[in-house]
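Everything below concerns the one structure shown next.
The values are calculated or read from the model by the stated rules, or taken from the named source; none is laboratory data. As the structure is a prediction and not an experimental result, all values here were calculated from the model. Cβ coordinates were reconstructed from backbone atoms using ideal geometry, including for glycine residues, and neighbour counts include every protein chain displayed. Just the protein is used for accessible areas: all its heavy atoms, side chains included, with ligands, DNA and RNA removed. Shrake-Rupley method; radii C 1.70, N 1.55, O 1.52, S 1.80 Å.
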Amino acid sequence: MSTITSEALAETTLLRFATAGSVDDGKSTLVGRLLHDSKSVLTDQLEAVERVSVSRGQEAPDLALLTDGLRAEREQGITIDVAYRYFATPRRRFILADTPGHVQYTRNMVTGASTAELTVILVDARNGVVEQTRRHAAIAALLRVPHVVLAVNKMDLVGYREPVFARIAEEFTAYATELGVPEVTAIPISALVGDNVVEPSAHMDWYGGPTVLEHLETVPVSHDLAHCHARLPVQYVIRPQSAEHPDYRGYAGQIAAGTFRTGDEVTVLPSGRTTTITGIDLLGTPVEAAWTPQSVTLLLADDIDISRGDLLVPSKDAPATTQDVEATVCHVADQPLTVGHRVLLKHGTRTVKAIVKDIPARLTLDDLSLHPHPGQLVANDIGRVKIRTAEPLPADSYANSRRTGSFILIDPNDGTTLTAGMSGESFAAPEPVKGADEEDGWDF
C-alpha cells in the first residue's frame with residue numbers, strides 16, 4: 001500500500017462518491033480493482049482475499065471480496081449492506097459508499113448517495129440499461145447528485161466493441177437528461193481485467209476519455225456548501241456558570257451550510273427573534289469567521305430563548321417557516337407509509353410531531369409516469385407526500401440546500417426510520433392535487 005504524508009493529504013480535496021449497479025454488474029469487482037490498482041489495499045487484506053480465492057478454486061484473487069464484508073454477501077456473491085471505504089491518491093482524498101444493487105436494497109442506495117457528490121452507476125455491457133439502472137439514475141437525480149459516471153462494465157465479454165458502448169451510453173444519457181441529471185460521463189471498462197479503471201485500456205483505442213480514477217481525481221467538487229445559505233442547527237446550549245465563565249452563554253452546533261462572521265445579524269427560527277453574533281469559538285479559540293462543516297459555538301448579543309432544535313440563519317437570508325411540507329420521498333421501511341400516518345419529522349436537530357395528509361403520487365420508474373393517489377408507499381417506493389407538522393419548520397428547498405432541505409420520518413412507537421424526504425419540487429413533481437379528505441384526521 002502506498003503511503004501519503006499528512007501534509008500532502010491536507011492540501012488535497014475530498015470527494016464523496018457512491019457506487020450502484022444491478023446484481024452481477026461487477027460493482028464490487030470494480031471497487032476492489034479501484035482500491036487494488038490505486039495501491040490502497042493493505043498487504044494483510046490482499047493476502048486474506050488470496051487465501052479465500054484459492055479455497056474456492058479461483059486462479060486469480062477475487063477483488064470483490066475486498067468490499068463484500070458480510071458473510072451473507074460473500075456466500076451469495078451479492079452486496080447487501082452499504083460499505084464505506086476511505087482511500088487517497090496524491091491528488092485527492094475519497095470516501096466511497098459501496099451500495100447494494102438488488103432491487104430490495106434500493107433504499108440502501110439512498111443512504112449511501114445522500115451525501116455523495118458523484119455517483120458511479122454500473123451497467124453490464126451484455127444487458128444494457130435495465131430497470132434497476134433507471135432506478136439508480138432516478139435516485140441520483142432525486143438526491144441532486146451533481147455528477148454521474150456511467151461505467152459500462154464487462155466490455156471484454158462483448159469483444160470491446162464501440163457500437164455496444166455507444167448504444168448504452170446514448171440510451172442512459174437520454175434518460176438521465178430527462179430526469180434533470182446535470183452531468184453524465186460514460187466510461188467503457190472491464191473491472192475484472194482492469195481496463196480503464198486505473199490504467200488506460202490497450203483494447204479500446206477508439207476511446208479517448210479518462211479512466212475511472214482519473215475522472216474521480218479531476219472532477220470539480222462544485223457544490224461548495226461554504227457559499228450556500230448560512231445555516232446552523234443548534235445542538236446544545238453551553239452555560240458553564242463557573243467562576244471563570246459566570247455569564248458565558250454559547251450556542252453550539254455544526255454549521256450545515258454557508259459562513260458565519262462576527263457582527264452578522266442573525267435570526268432564530270422558528271421564533272423569528274433577531275440578534276447579532278458577538279463572538280465565534282472554534283475548538284476553544286475565538287475566530288472571526290467559521291464555515292461548514294465546522295463545529296462551533298456562537299455568542300450572541302442578546303439573551304433570548306434558544307434551545308436545541310432551533311435554527312440560526314442570517315436575517316437577510318432567512319427561509320420561510322411552514323407547517324405544511326410538500327416533498328419527494330423514498331420509503332425505506334418495511335411497513336407502508338399511509339395517508340393519515342402519525343409520524344415524527346426530524347429536520348436538522350429538531351423533531352416534531354406530524355401527520356401524512358396526502359400521498360398525491362407514486363413514481364413509476366419505467367417511464368417516469370406518476371401513479372396518482374396510491375394510498376400508500378411501500379419499501380423502495382419513490383413518491384410525493386404532503387405533511388402537516390405540529391410546529392412550524394424552517395425548511396429550505398432541497399434544490400437549494402441538500403443539508404437543510406432534507407428530513408426523515410420516524411415511527412413514534414419504536415423509533416424506526418420510515419422515509420427519507422426532500423422538501424420542495426423534484427423531477428417527479430405532479431400537478432397540485434387536493435384530496436377531499438385533506439382537512440380530515442389528525443390536525444394541528
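Would you please give the FRET efficiency between GLU171 and ARG51, computed as 1/(1 + (r/R0)^6) with r the Cβ-Cβ distance and R0 = 45 Å, to the nearest 0.05?
Between GLU171 and ARG51 the formula returns 0.65.
Ordered by packing density, taken as the mean number of other Cβ atoms within 10 Å over each peptide's residues, highest first, how do 249-262, 285-298 rank?
Working: 249-262: 19.5, 285-298: 15.9.
Ranking, from highest mean packing down: 249-262, 285-298.
Under 20 Å from a point placed 7 Å out from the Cα of VAL193 along the Cα-to-Cβ direction: which residues of the stretch 145-176 have their backbone N that close?
Correct set: 150-169.
At 7 Å along Cα-to-Cβ for each site, give me the label-to-label distance between THR115 and VAL237 in nm.
For the pair THR115/VAL237, the computed spacing is 2.9 nm.
When only C-alpha pairs under 8 Å and at least 6 residues apart count, what is the relative contact order of the stretch 133-225, in percent? Don't skip to the end; give the middle numbers.
Values: 100 pairs, mean separation 27.4, N = 93.
It comes to 30 percent, rounded to a whole number.
Calculate, in nm to one decimal, what VAL378 and ASP24 gain on full extension: separation in residues at 0.36 nm each, minus their alpha carbon distance. Spell out each step's value before the answer.
Working: separation 354, 0.36 × 354 = 127.44 nm, distance 2.53 nm.
My answer for the length gained is 124.9 nm.
Out of the total accessible area of the stretch 270-325 (probe 1.4 Å, heavy atoms of protein only), what percent is carbon and sulfur? Each step should come with its number before you reach the end.
Values: 1430 of 2950 Å².
Carbon and sulfur together cover 48 percent of it.
Provide HIS215, HIS229, HIS203 ordered by accessible surface of protein heavy atoms (probe 1.4 Å), highest first. Working shown, then result.
Details: HIS215 20, HIS229 70, HIS203 100 Å².
Ranking HIS215, HIS229, HIS203 by accessible area, largest first, yields HIS203, HIS229, HIS215.
Return the distance in nm (one decimal) between the two label points of a simple spin-label model at LYS353 and ALA202, each offset 7 Å from Cα along Cα→Cβ.
7.0
Can you give the FRET efficiency to the nearest 0.05 for THR364 and VAL221, using r as the Cβ-Cβ distance and R₀ = 35 Å? Please list the in-between numbers first.
On the way: r = 33 Å, r/R0 = 0.96.
The calculated FRET efficiency here is 0.55.
Just how large is the dipole of the stretch 339-430 about the Cα centre, in debye to the nearest 20, putting +1 at every Lys and Arg Cβ and -1 at every Asp and Glu Cβ? Spell out each step's value before the answer.
Numbers: 11 positive and 9 negative charges, 73 e Å.
It comes to approximately 340 debye.
Select from PRO336, VAL356, SER369 the residue farthest towards the positive end of the dipole of the stretch 330-369; place +1 on Cβ of Lys and Arg, -1 on Cβ of Asp and Glu, and compute about the Cα centre.
VAL356
Could you please report the charge total around ALA290, scoring K, R as +1 and D, E as -1 over all other residues with beta-carbon less than 12 angstrom from its beta-carbon? Mind showing how you got there, number by number?
Numbers: positive: ARG261; negative: ASP264, ASP281, GLU288.
With Lys, Arg at +1 and Asp, Glu at -1, the neighbours total -2.
So how much slack lies between THR276 and LEU14, counting 0.36 nm per residue of separation and subtracting their Cα-Cα distance, in nm?
Numbers: separation 262, 0.36 × 262 = 94.32 nm, distance 3.29 nm.
Length difference between fully extended and current span is 91.0 nm.
How much FRET efficiency would the formula 1/(1 + (r/R0)^6) give for ASN413 and LEU157, where r is the Cβ-Cβ distance and R0 is 51 Å, rounded to 0.05?
Details: r = 50 Å, r/R0 = 0.97.
FRET efficiency, ASN413 to LEU157: 0.55.
If each residue of separation counts as 0.36 nm, what is the full-extension length gain between GLU425 and GLU183 once their alpha-carbon separation is subtracted?
Numbers: separation 242, 0.36 × 242 = 87.12 nm, distance 1.97 nm.
Full-extension gain reported as 85.1 nm.
Please list LYS39, LYS154, LYS27 in order of solvent-accessible area, largest first, computed with a 1.4 Å probe with all protein chains present. Walk me through the numbers before you get to the answer.
Numbers: LYS39 120, LYS154 40, LYS27 10 Å².
So the residues, ranked largest to smallest area, are LYS39, LYS154, LYS27.
With only Lys, Arg, Asp and Glu charged, each at its Cβ (+1 for the first two, -1 for the last two), find how big the charge dipole of the stretch 264-306 is about the Cα centre; round to the nearest 20 debye.
On the way: 1 positive and 7 negative charges, 25 e Å.
In debye, rounded to 20, the stretch 264-306 gives about 120.
HN-Hα J couplings of the stretch 196-211 from phi, Karplus 6.51/-1.76/1.60, θ = phi - 60°, integer Hz, Gly and Pro as x?
6, 8, 10, 9, x, 7, 8, 9, 10, 5, 6, 9, x, x, x, 6
Enter the accessible area of TYR84 (Å², nearest 10), with the probe set to 1.4 Å and all protein chains included.
100
So what is the accessible area of the stretch 324-421 per residue, in Å², with the probe set to 1.4 Å? Please list the in-between numbers first.
On the way: 3560 Å² over 98 residues.
Using a 1.4 Å probe on heavy atoms only, each residue of the stretch 324-421 averages 36 Å².
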